[in-house]
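Worksheet: one structure, shown below.
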Amino acid sequence: MNHNWKPRELNPDEIGTAANAAALAEYLRGIDLAALLTAEKALVMRGFGVAPGELDDVLDALLPDRLAYVHGNSPRTKVGRNVYTSTEYPAALAISMHNEMSYASRWPTRLAFYCETAPGSGGATPVIDGELWLESVGPEIRESFADGVRYLQNLHGGYGLGKSWQQTFETEDRSVVEAFLAESAATWEWRSDGGLRIEQLRPAFVRHPVTGAEVWFNQADQWHPAGLGDETARALTQIMPPEDLPQSATFADGSPIPDEYITKIRDLGLEKAVDVDWHVGDLLLIDNVLVGHGRRPFDGPRRVLVAMSGTDEA
């Protein structure tokens with residue numbers, strides 16, 4: 001394992017192209033992008049001046065089958081053809097490291113980020129090698145998560161904390177939601193108040209389908225009350241049992257995960273990560289299994305868009 005890993009940077013001088021979006025898209029279509037991404041784990045594309053109106057063409061080269069953010073748990077706004085704002089979370093708070101939708105039965109294999117508006121300061125997207133994260137948490141935590149993570153999600157029907165089931169699944173049709181959940185091997189219950197409770201048992205680690213590398217791959221620290229990052233969220237845990245929160249996590253057998261495990265996992269992820277700073281027009285492409293990502297706090301405006309493609313499953 002390379003403990004000094006960092007994303008590979010592609011710029012016009014290195015790849016020998018003009019410094020514009022069309023040249024970048026043409027270059028990406030002419031290489032074995034899948035092999036390059038698997039080898040490098042993450043790619044940063046800088047100096048091409050990609051404007052918002054040119055983004056679709058570049059994303060088409062990066063993401064062969066752009067996906068909708070169905071069953072996503074973070075607040076986002078859809079701004080284009082399966083293009084979304086990155087997580088809309090208070091600027092003063094960090095977003096801990098995670099692999100996108102690792103709590104679900106299917107997850108995107110690639111994520112592409114695009115900087116439309118650079119932050120005034122801070123706001124980097126940290127990325128972490130999943131093998132390093134798995135190694136870093138230590139044998140005690142790894143062994144305790146060997147059977148996986150049990151996720152519990154409470155989605156309201158229109159009014160309440162967190163996201164509604166309609167926002168989460170991008171539909172008003174309960175039968176569409178039920179079909180999705182049945183295929184996901186989740187259990188669910190429609191509540192008398194119009195809400196939906198979902199329970200899922202998922203692995204805590206997975207192996208990459210090409211390299212075979214075993215990586216830390218779960219969102220226990222983001223779903224667990226001890227991982228909540230602001231005073232309002234923490235206050236909720238004083239007045240609501242974990243099973244009634246918008247989301248919570250336990251060990252596979254339903255027993256509680258110790259708070260100190262959660263904070264160690266979260267803090268190690270942020271500590272071991274490599275920051276990708278943003279300039280207008282930059283793009284970042286990551287292998288969503290090999291690499292986790294997060295967000296550093298920032299000042300001023302910041303608008304980073306995200307799109308995803310490909311699905312893999314437990």
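The numbers here are math on the coordinates, done by the rules we state, and not lab data. Values in this document were obtained by computation on a predicted structure and should not be read as measured data. For neighbour counting, all protein chains shown are included, and Cβ atoms are generated from backbone atoms with ideal geometry for every residue, glycine included.
At a glance:
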{"item": "Extension reserve of the D275-A34 stretch, reckoned as 0.36 nm per residue once the Cα distance is removed", "result": "84.5 nm"}
{"item": "Counted charge near R174, where neighbours are those whose Cβ lies closer than 13 Å (Asp, Glu -1; Lys, Arg +1)", "result": "-3"}
{"item": "Local electrostatic count, K272, Cβ distance below 10 Å [Lys/Arg +1, Asp/Glu -1]", "result": "-4"}
{"item": "Share of alpha-carbon pairs per 10 Å distance bin for the chain, given as whole %", "result": "6, 27, 35, 23, 7, 1, 0"}
{"item": "Ranked list, fewest to most other Cβ atoms within 10 Å of each Cβ, for Y151, Y27", "result": "Y27, Y151"}
{"item": "Prolate/oblate/rounded call for segment 197-299, Cα gyration tensor, a/c under 1.5 rounded", "result": "oblate"}
{"item": "T109 long-range amide H proximity, modeled H, under 5 Å", "result": "S309, G310, T311, D312"}
{"item": "Loop sites in segment 112-193: GluC sites (Glu not before Pro), DSSP, at most 11 other Cβ within 10 Å", "result": "E172"}
{"item": "Given charges at beta-carbon only (K, R positive; D, E negative), |dipole| of segment 1-140 in Debye", "result": "340 debye"}
{"item": "Amide H contacts under 5 Å for L10, placed H, 5+ residues apart", "result": "V44, M45, R46"}
{"item": "Least to most buried among H279, H98, H208 (fewest other Cβ within 10 Å first)", "result": "H279, H208, H98"}
{"item": "Value of relative contact order over segment 1-146, rounded to a whole percent, pairs C-alpha under 8 Å and six or more apart", "result": "20 percent"}
{"item": "Local electrostatic count at E131 - Lys and Arg +1, Asp and Glu -1, tallied over other residues with Cβ under 13 Å", "result": "0"}
{"item": "Axial C-alpha extent at least 15 Å, average Kyte-Doolittle at least -1.0 - helices from the chain (DSSP)", "result": "259-272"}
{"item": "With at most 14 other Cβ atoms within 10 Å, longest stretch of the chain clear of loop trypsin sites (Lys or Arg not before Pro) (DSSP)", "result": "192-314"}
{"item": "Label-point gap, in nm, between K78 and N11 - each point 7 angstrom along Cα→Cβ", "result": "3.8 nm"}
